[in-house]
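Here's the structure, in C-alpha cells; my notes come after.
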C-alpha cells in the first residue's frame, strides 16, 4: 500500500468507531442476500444477537488503526484463525466477503466513499485476507499432520449421553470410521454441525472439550436452554432432545487458543460461571493426571444457581482426593442449597483472597462477558499482572481487556 492509501484507511477510523456496527450489519445482510449458501457456515444466533456484527466491526477498526504495522494484531489473527478453521472457512470465502465488504462501504458511506478510498480499502482487505488465509493454511496443515487429525468435517458417533446436572448433559463422541482421533490441548473446542429444521439450515456451534485428552473420544458438556428459540439454544436443545446414543454428527478438529500451559509449575487458579467450567475441567483433569500436584497449589472457584444444576461436583470431589493441594470454593445463588465449602451469592473473590491471590499464579477465567470483566478487574486491582490472566468468552469476542 502507498502512504496515501494507508492515510485514507486511517481516516475512516472515526467513522468506524461511531458507525462500525451499522456497516457490518449492512454487510452481513447484503452477503446473505447474495450468497445465502453462507448461512450454513455462520452461526445465525450470533447474527440475531449482534455479537458477530460487533466482533467484525471491532476487528475492522483494529485493522484500520494498525494499518502501518498489522503484525501487532497477530494474537488476534491467531484466535480468529482457529475459529475459522473450526468452521472450515477457506480462501474462496474471503473473496466473497471482500466483495460484499467493499460494496457495503460504498453503500453505507455514500458520497463520502470516493474511488480512491474504495481502492485503498480493497488493497487493505486483500492484504488482510492474505495474512489470514496464510495463517489458517498453517493451522489446517498442523491439524492434518497430527495422528488422527483432519481438516473440515468428520462424522462421529454419540456412544454415550450422560446427564451431569438438571441443565448440563455430556456427549461422548467417537469417530464413526473407527480411526484414531487427534490430540488436543486442554481448553480447546470443537465445532458441532447439525441440521436445524426450524431454520432449514445446517448450523455450526462450538463447544469446549470438557475432559482431558484420552486418545479415544471427545467429550462435550452442553447446557439445555429452556424455552429458547434463539438459534444457539436450538442447537444445544437439539442435542439434548433429538440426538441419542448411536446417532452420527459432524465435528471439526480441535482448535482454540485458550489453553493450559501444563509445563509451568506455578500455581493455578480456575474461575468459572455456569457452563463456563467445561474447558477448565479439562485443564484440571490434565494437571492432576500429568503432574505431581501435591506440591502444585490449585484453586477451583465456581458459581452456579445451586446443587441441582452444579455439573461435575462429584468429579471435582474425586479429583480433590487425588490432589491434596486442590482447594475448591463453590458459590450458589440459593441459600437453601448450601453444603460444605460453599458460599451464598455470586462469585466474590474478595471473600477468598488468601486462596486466590497466589504469588506467580496463572489465572484462567471462563463464563459470560460480565463475569469475566468483574473478576479480571478484581485481579488487576489486587496486583495480578495482565500477563498472568487468561480468559475465554463464549461466542464472538467482545472483550478488550488485555
Worksheet item: Within the stretch 243-254, can one find any residue that is in contact with a strand residue (DSSP E or B) (Cβ under 7 Å, 6 or more places away or on another chain) and under 21 Å from residue 372 (Cβ atoms)?
Response: no
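Within the stretch 65-91, restricting attention to residues that are assigned to a loop (DSSP other than H, G, I, E, B) and under 19 Å from the mean Cα position of the chain (by Cα), which residue is surrounded by the fewest Cβ atoms within 10 Å (Cβ to Cβ)? Explain how you work it out, then say what you get.
Just the residues of the stretch 65-91 that are assigned to a loop (DSSP other than H, G, I, E, B), to begin with: 66-69, 87-90.
Next, only the ones that are under 19 Å from the mean Cα position of the chain (by Cα) stay: 87-89.
Working: 87: 20, 88: 18, 89: 20.
Selected residue: 88.
Without any contact (Cβ under 8 Å) to a residue 40 or more places away in the chain and assigned to a helix (DSSP H, G or I), is that true of residue 55? I'd like the intermediate steps shown before the answer.
Values: without any contact (Cβ under 8 Å) to a residue 40 or more places away in the chain: no; assigned to a helix (DSSP H, G or I): yes.
Answer is no for this residue.
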Practice prompt. Collect the residues in the stretch 174-192 that are surrounded by 18 or more Cβ atoms within 10 Å (Cβ to Cβ) and either part of a loop (DSSP other than H, G, I, E, B) or at pLDDT below 95 (or both), keeping them in residue-number order.
Written response: 181, 182, 184, 185, 186, 187, 188
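Test residue 221 against the stated conditions and say whether it is assigned to a strand (DSSP E or B), under 23 Å from residue 83 (Cβ atoms) and either modelled with pLDDT under 90 or touching a helix residue (DSSP H, G or I) at 6+ places or on another chain (Cβ under 6 Å) (or both).
Values: assigned to a strand (DSSP E or B): yes; under 23 Å from residue 83 (Cβ atoms): yes; either modelled with pLDDT under 90 or touching a helix residue (DSSP H, G or I) at 6+ places or on another chain (Cβ under 6 Å) (or both): yes.
The answer is yes for residue 221.
Please go through the stretch 7-29 and give me each residue that is crowded, with 17+ Cβ neighbours inside 10 Å and assigned to a helix (DSSP H, G or I), ordered by number.
Initial filter on the stretch 7-29 (crowded, with 17+ Cβ neighbours inside 10 Å): 8-9, 12, 15-16, 20, 23-28.
Result: 8, 9, 15, 16, 20, 23, 24, 25, 26, 27, 28.
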Discussion item. Checking residue 161 against (1) assigned to a loop (DSSP other than H, G, I, E, B); (2) over 22 Å from the mean Cα position of the chain (by Cα); (3) within 18 Å of residue 311 (Cβ to Cβ): exactly one of these is not met. Which one?
Written reply: (1)
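The values are calculated or read from the model by the stated rules, or taken from the named source; none is laboratory data. Just so it is clear, the structure is predicted and the values come from calculations on it, not from any experiment. Neighbour counts run over all protein chains shown; Cβ positions are idealised from the backbone, glycine included.
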